[in-house]
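Shown next, in structure tokens, is the structure this report addresses.
The values are calculated or read from the model by the stated rules, or taken from the named source; none is laboratory data. Keep in mind it's a predicted model, so treat the numbers as computed, not measured. Please note: Cβ atoms are built from the backbone with ideal geometry, for glycine as well, and neighbour counts cover all protein chains shown.
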Amino acid sequence: MSNYRIRQGDTLSALAGRFKTSVSELARINKIANPNLIYAGKTLRIPGHGRSDSFEPAKGGGTKGSGGAGRSGGAKGSGQVNESRGAGSPGQATAAMRKLANAGRAAAMGMGGYNSQGLCATGVSRAIQNAFGFKVWGNGNQIDNNLPRDKFKQVNMSLAEALKIPGLVLTWEKTSSRAGSIYGHTAITTGDGRSSVSDFIERNTLGAGGRTGLKIFMPTM
């Protein structure tokens, strides 16, 4: 058994081939929940290799795996390396994600600017329609079920990570307001690390407390 420090651009399947093992074995040994997502700078334990084998020096503990999405190469900002579809930093956002972020901001400016009208799902649906030509129905806590799965993929990351990436759809089951406790909330990330847009531009989404049941979706078109 030896260690390998993951580099930007590595994928688990490529490393499995390089070290003559399998993706499932690497995932099992390193307790990686999602083989499509590994992190640059983290350490992989490699089976079947002694200390005399030549590997990139490793620091720290084992690799942490989680769900997510991104094209091969992963994220520079977050350290994510991913071989599925998507992006991990503003500079690596797909064209569809950038298009949705721009459409979301335009919809928000046209509806409320910086003042909420209580029509978050309308704003998000309008942005999706303007960006991609189809409409998604439902309240803030229903849009997640109505997003077409051939065009959107749920990803697993924190809100702080998501806000650094433009064009992701956020949905919450409930918020602290009376209406939000029934209808939830939804928004589109701008990629600046703080704000999101729906029927208005929310300057500090991270600071908005009382929201539960977050889900994050990425356009895959």
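So W137 fits all but one of (1) part of a loop (DSSP other than H, G, I, E, B); (2) closer than 23 Å to T220 by Cβ; (3) within 19 Å of the chain's Cα centre (by Cα); what number is the exception?
The failed condition is (3).
Those residues that are part of a loop (DSSP other than H, G, I, E, B) and either touching a residue at least 24 places away in the same chain (Cβ under 8 Å) or of a type in the set (D, E, K, R) (or both), I need them from the range 1-30; list them, please.
M1, I6, R7, Q8, G9, D10, T11, F19, K20, T21
Of all residues in the range 119-134, how many are within 21 Å of the chain's Cα centre (by Cα), within 27 Å of R178 (Cβ to Cβ) and surrounded by fewer than 21 Cβ atoms within 10 Å (Cβ to Cβ)?
Qualifying residue count for the region: 0.
Consider P166 against the criteria (1) surrounded by fewer than 21 Cβ atoms within 10 Å (Cβ to Cβ); (2) in contact with a helix residue (DSSP H, G or I) (Cβ under 6 Å, 6 or more places away or on another chain): it satisfies all of them except one. Which criterion is unmet?
Only one criterion is unmet by P166, namely (1).
If you check I201 against the conditions, is it assigned by TED's automatic domain parsing to the domain that holds Q129 and either surrounded by fewer than 18 Cβ atoms within 10 Å (Cβ to Cβ) or under 17 Å from N115 (Cβ atoms) (or both)?
yes
Could you tell me how many of the residues in the range 196-221 are within 18 Å of G123 (Cβ to Cβ) and outside any loop (DSSP other than H, G, I, E, B)?
The qualifying residues number 8.
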